[in-house]
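Novice: Have a look at this one before I ask anything.
The values are calculated or read from the model by the stated rules, or taken from the named source; none is laboratory data. Just so it is clear, the structure is predicted and the values come from calculations on it, not from any experiment. All Cβ positions, even for glycine, are placed from backbone atoms using ideal geometry, and neighbour counts span all protein chains on display. Surface accessibility is based on the protein's heavy atoms, side chains included, excluding ligands, DNA and RNA. Shrake-Rupley method; radii C 1.70, N 1.55, O 1.52, S 1.80 Å.
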Amino acid sequence: MKKFRFYLDFEKEEIWLNEMARQGWGLTRKSLWYEFRKVVPNDATIKIDYHTFKTKNDFEDYCTLFEDSGWEHIAGTKTSGTQYFYKSSSSSDGDIFSDIPSKAARYKRLSKVWLSIAISYFPISVALVSTNPINISALVNPKLLYYTPGLWDKTGSYFLRAFLIETPFAIMRGFTWLLFPALIILYLIFAVKAEKNYRKTNG
Amino acid sequence: MKRDKHLPLTETVYYILLALLEPAHGYVIMQKVEDLSDGEVRMAAGTLYGAIENLLKLKFIQSVQSEDSRRKVYIITNEGKRILRLDFERINHLIKITENNW
């Protein structure tokens with residue numbers, strides 16, 4: 001079963017995944033969505049860490065450390081960031097963190113990643129504004145975005161048809177570039193939220 | 001005298017550096033820290049991993065050749081030894097003045 005969810009708060013995500021396990025759905029993979037398979041309903045402890053790795057070796061060493069101490073790595077890749085761990089033996093303690101600063105630090109790493117993604121969109125936005133024929137004046141006068149000759153002199157149903165046909169193209173022509181500033185703002189919001197969770201956890 | 005900005009070390013960092021006077025991989029460090037602290041300090045995997053990353057960045061520890069390809073082995077550096085010694089002297093001073101003033 002696949003489910004789409006989006007979390008910025010690891011604690012809430014953990015609660016949800018534990019609830020899924022209680023209902024008999026075990027997490028097997030996380031990409032843009034979550035993949036579950038049917039399992040025996042269980043009181044699992046699933047914990048989430050946030051790390052990206054430079055090499056496959058680093059990633060393997062990281063997973064091995066968790067497995068040595070009783071946490072099975074169930075989802076996450078070298079570059080995915082979020083890493084999901086399942087408590088596989090009763091001898092291991094109840095959390096993958098033993099102090100507050102390290103529990104908070106995962107939010108700091110998450111925040112930095114969102115911030116760097118936001119920043120990486122700046123050059124492309126600047127390039128678009130400075131080189132492409134982005135028609136800033138079209139924001140005030142959208143008529144400039146319609147290329148049909150003599151469109152504005154037509155009347156009645158003929159005008160309406162031509163107008164409606166061209167409108168989607170006009171919108172693409174005029175406003176597609178707005179996607180980039182919009183994404184930058186969105187990613188900045190994610191970064192700020194993660195930073196807030198970092199401070200909240202650290203107390 | 002101006003004090004080194006890394007002092008005082010946290011209890012966990014002190015134990016990790018002490019454990020790494022001999023080469024060890026992550027899980028061995030966890031066990032050593034637990035032993036050295038008489039079971040008082042039990043580090044979880046995520047916390048230890050973050051601490052190792054941080055100590056590598058500070059160059060207080062370094063990774064060494066390991067026969068086990070899945071487990072990295074670390075050892076304390078000279079800089080790490082210096083800082084551990086400094087913190088030891090700081091604690092020693094605390095002990096002395098406390099005994100004298102009790």
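Novice: Filter region A:154-170 down to the residues that are open to solvent by 70 Å² or more (accessible area, probe 1.4 Å) and not in a helix (DSSP H, G or I) and list them by number.
Specialist: Correct list: A:Thr155 only.
Novice: Report whether or not B:Arg82 is within 12 Å of another protein chain (Cβ to nearest Cβ), open to solvent by 40 Å² or more (accessible area, probe 1.4 Å) and free of Cβ contacts under 8 Å to residues at least 40 places away in the same chain.
Specialist: Answer is no for this residue.
Novice: Restricting attention to region A:133-149, does a residue exist that is more than 23 Å from A:Thr82 (Cα to Cα), of a type in the set (D, E, K, R), free of Cβ contacts under 8 Å to residues at least 12 places away in the same chain and surrounded by 13 or more Cβ atoms within 10 Å (Cβ to Cβ)?
Specialist: The answer is no; no qualifying residue exists.
Novice: Quick check on my filter: what residues within region B:11-62 are part of a strand (DSSP E or B), more than 11 Å from chain A (Cβ to nearest Cβ) and either over 23 Å from A:Glu67 (Cβ atoms) or open to solvent by 10 Å² or more (accessible area, probe 1.4 Å) (or both)?
Specialist: B:Gln62
Novice: Further, regarding this structure: Give me a count of the residues in region B:63-79 that are open to solvent by 70 Å² or more (accessible area, probe 1.4 Å) and within 11 Å of chain A (Cβ to nearest Cβ).
Specialist: Of the residues in region B:63-79, 2 are open to solvent by 70 Å² or more (accessible area, probe 1.4 Å) and within 11 Å of chain A (Cβ to nearest Cβ).
Novice: Keeping to region B:1-16, report how many residues are aliphatic (A, V, I, L, M) and either at pLDDT below 90 or within 15 Å of B:Glu89 (Cα to Cα) (or both).
Specialist: Total meeting the criteria: 3.
Novice: Further question on the same structure: Do we have any residue at all in region B:73-85 that's of a type outside the set (Asp, Glu) and within 26 Å of A:Ile48 (Cα to Cα)?
Specialist: Checked region B:73-85: at least one residue is of a type outside the set (Asp, Glu) and within 26 Å of A:Ile48 (Cα to Cα).
Novice: What strands (runs of 3 or more DSSP E) lie completely within region A:32-124 and have 3 or more residues being touching a residue at least 12 places away in the same chain (Cβ under 8 Å) and open to solvent by less than 30 Å² (accessible area, probe 1.4 Å)?
Specialist: Filter on region A:32-124 gives A:46-51, A:81-87.
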